Amino acid sequence: MEAMWLLCVAAAVVAWGFLWVWDSSERVKSREQGERLGAESRTLLAIAHPDDEAMFFAPTVLGLARLRHWVYLLCFSAGNYYNQGETRKKELLQSCDVLGIPLSSVMIIDNRDFPDDPGVQWNTEHVASVLLQHIEVNGINLVVTFDAGGVSGHSNHIALYAAVRALHSEGKLPKGCSVLTLQSVNVLRKYISLLDLPLSRLHTQDVLFVLNSKEVAQAKRAMSCHRSQLLWFRRLYILFSRYMRINSLSFL
């Protein structure tokens, strides 16, 4: 019994030490990211569904807040796959409020052109047109969205990447506007939470955001706003997914 007690104390000390080093390293990392991304930029987060901003991009949103970026959010659907669109729009606004995204900077598209449906391929040209208009109207100089894998493989996520990729390759983005895409990882890495941090540091090519303990709690509060989506497997996702704590991103 005494040996078990000592083991528990040792584990607690190691965990505390890890968290202290983690928080300290992230303060240093924030300064490094600031030099790379610049401070007080106007960033557009392009997502496909309400809850994407918290489920996948919370570390990026909160990391950009450290750098004093003004974040705009463009959501291409109301998440109406199960006829919950009106509820999910309200949940998105609540989540954005928790994450510090001004509600005046949130745009939700709710029309037949972009249905919440993994079986429907959104028109790349149409998505690109809407994106470009939003970028130009708001003077955006950094766009953040999914990569070619869409994190979960959802076709609506991948459609956003295809559109922003087309704008970038065709030279249609305004001068000085950069694009960051969220790196997809394999299933094992996706669900080992902070244990993936060494691999993330090793494999991240451009930008890495890691939440400190206070920010993790904030990200969880944001995800908890999406009450209609909090089925048992999403509660496990909140506990174990790296995307609630770590975001690795690459420039196009």
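3J(HN,Hα) along segment 223-229: 5, 5, 5, 8, 4, 5, 9 Hz, from the Karplus curve 6.51 cos²θ - 1.76 cosθ + 1.60 with θ = phi - 60°, whole Hz, x for Gly and Pro.
Between the amide H of Leu73 and those of Leu45, Val106, Met107, distances stay under 5 Å, these residues lying 5 or more places away or on another chain, with hydrogens modeled in the peptide plane. Taking all protein chains into account, the per residue accessible area for segment 38-188 stands at 42 Å² (1.4 Å probe).
Among Arg242, Arg66, Arg42, the sequence by solvent-accessible area, most first, with a 1.4 Å probe is Arg42, Arg66, Arg242. Give me the Kirkwood hydrodynamic radius of segment 40-251, using the inverse of the mean 1/r over all pairs of distinct Cα atoms, in Å to one decimal. About 17.0 Å, per the Kirkwood formula over Cα pairs.
Close amide H contacts of Val179 (hydrogens built in the peptide plane, cut-off under 5 Å, sequence separation of 5 or more or a different chain): Val143, Leu252. The HN-Hα couplings worked out from phi for segment 47-63 by the Karplus form 6.51 cos²θ - 1.76 cosθ + 1.60 (θ = phi - 60°) are 10, 9, 9, x, 4, 4, 4, 8, 5, 10, 10, 4, x, 5, 4, 6, x Hz, whole numbers, x standing for Gly and Pro.
The values are calculated or read from the model by the stated rules, or taken from the named source; none is laboratory data. Note that the coordinates shown come from a computational prediction; the quantities given were computed from them, not determined experimentally. Note: accessible area is taken over every heavy atom of the protein model, side chains too, but ligands, DNA and RNA are not part of it. Shrake-Rupley method; radii C 1.70, N 1.55, O 1.52, S 1.80 Å.
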